[in-house]
């Protein structure tokens, strides 16, 4: 049984609380694992390696733009989330698979790359820079937390072109990198709903790597 | 005494950084309580307490680098 929760467009806090609830359900054995899909209203999150200097405008300006900032327990630095970006949060008990953070991160990259490949967009990994890249631009960002070998937080896949400008408010991942989106890569409009369908189908069929997360690509 | 050892975290992961301890030296902890958070690459990892007792020693503190197999601290078990 694959548990997939589609929250739609929600505030980050709402999805964060929901992740924690599902995490508890997985920890207690009420669910074996679950996947949460959603989009966020504009928000900046700061992971454990983040410093506030990676937010490039004053907090008051962020408030005027309606962008909240949260310090979160995932790994990584600063990132931006907004509509047009598909969030994929796997709450997965690695005790049932392989307790290996490296392999899990590579699997998250794989699932994003496989999804992009359905649009004939060839993305890649860059060694030492976790995430998914189209040429030298980042198209999907990853940051996770693990407790009791149960995962939460996850992947942000940039789908729509319009919202990329807000990445200029930060130094994404604490680096001077450019972001891109699936729409930008193919030069056509794509709905986030279509991406969700692809991802859901893959998860339900088990053909995505999560059915064999302990294995290799 | 029970040693708190950093387990293998994954293929090619040779080090982690201590984010913070959830307890101070001298405080009581229960088995499976979150004891210490570590960061590596784009992940944070909470190491649970291996036993119930008192956190008697912290060997690696916030911001310090630790390698799998190294002892992060120690607990005095309840008698």
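Of the set (1) over 22 Å from residue A:103 (Cβ atoms); (2) part of a loop (DSSP other than H, G, I, E, B); (3) in contact with a strand residue (DSSP E or B) (Cβ under 6 Å, 6 or more places away or on another chain); (4) touching a residue at least 40 places away in the same chain (Cβ under 8 Å), all apply to residue B:56 but (2). Got at least one residue in segment A:46-57 being within 14 Å of the chain's Cα centre (by Cα) and either exposed (fewer than 13 other Cβ atoms within 10 Å of the Cβ) or more than 27 Å from residue A:201 (Cβ to Cβ) (or both)? Yes, because at least one residue in segment A:46-57 is within 14 Å of the chain's Cα centre (by Cα) and either exposed (fewer than 13 other Cβ atoms within 10 Å of the Cβ) or more than 27 Å from residue A:201 (Cβ to Cβ) (or both). The criterion of at least 2 residues that are within 14 Å of another protein chain (Cβ to nearest Cβ) is met by the following strands (runs of 3 or more DSSP E) wholly inside segment A:1-113: A:43-46, A:78-81, A:85-92. Determine whether residue A:92 is buried (at least 19 other Cβ atoms within 10 Å of the Cβ), within 13 Å of the chain's Cα centre (by Cα) and closer than 28 Å to residue B:46 by Cβ. Criteria not met by residue A:92. Which residues, taken from segment B:60-79, are assigned to a loop (DSSP other than H, G, I, E, B) and in contact (Cβ under 8 Å) with a residue 24 or more places away in the chain? Selection gives B:60, B:61, B:62, B:63, B:64, B:67, B:68, B:69, B:70, B:78. Just one of the numbered conditions (1) within 14 Å of another protein chain (Cβ to nearest Cβ); (2) on the phi < 0 side of the Ramachandran plot; (3) surrounded by fewer than 20 Cβ atoms within 10 Å (Cβ to Cβ) is not true of residue B:28: (1).
Given the structure, is residue A:139 more than 14 Å from chain B (Cβ to nearest Cβ), surrounded by 23 or more Cβ atoms within 10 Å (Cβ to Cβ) and touching a residue at least 24 places away in the same chain (Cβ under 8 Å)? So residue A:139 passes the test.
Quick test for you: out of A:107, A:98, A:127, pick the one residue that is more than 22 Å from residue A:12 (Cβ to Cβ) and buried (at least 23 other Cβ atoms within 10 Å of the Cβ).
Numbers: A:98 fails: buried (at least 23 other Cβ atoms within 10 Å of the Cβ); A:127 fails: buried (at least 23 other Cβ atoms within 10 Å of the Cβ).
Of the residues listed, the single one that is more than 22 Å from residue A:12 (Cβ to Cβ) and buried (at least 23 other Cβ atoms within 10 Å of the Cβ) is A:107.
Scoring residue B:18 on the criteria (1) surrounded by fewer than 17 Cβ atoms within 10 Å (Cβ to Cβ); (2) touching a residue at least 12 places away in the same chain (Cβ under 8 Å); (3) closer than 30 Å to residue A:155 by Cβ leaves a single failure, condition (1).
Read-outs throughout are calculated quantities, based only on the coordinates presented, and are distinct from any laboratory measurement. In this text, all values refer to a predicted model and were calculated from it rather than measured experimentally. Cβ atoms come from the backbone with ideal geometry, glycine included; neighbour counts cover every protein chain shown.
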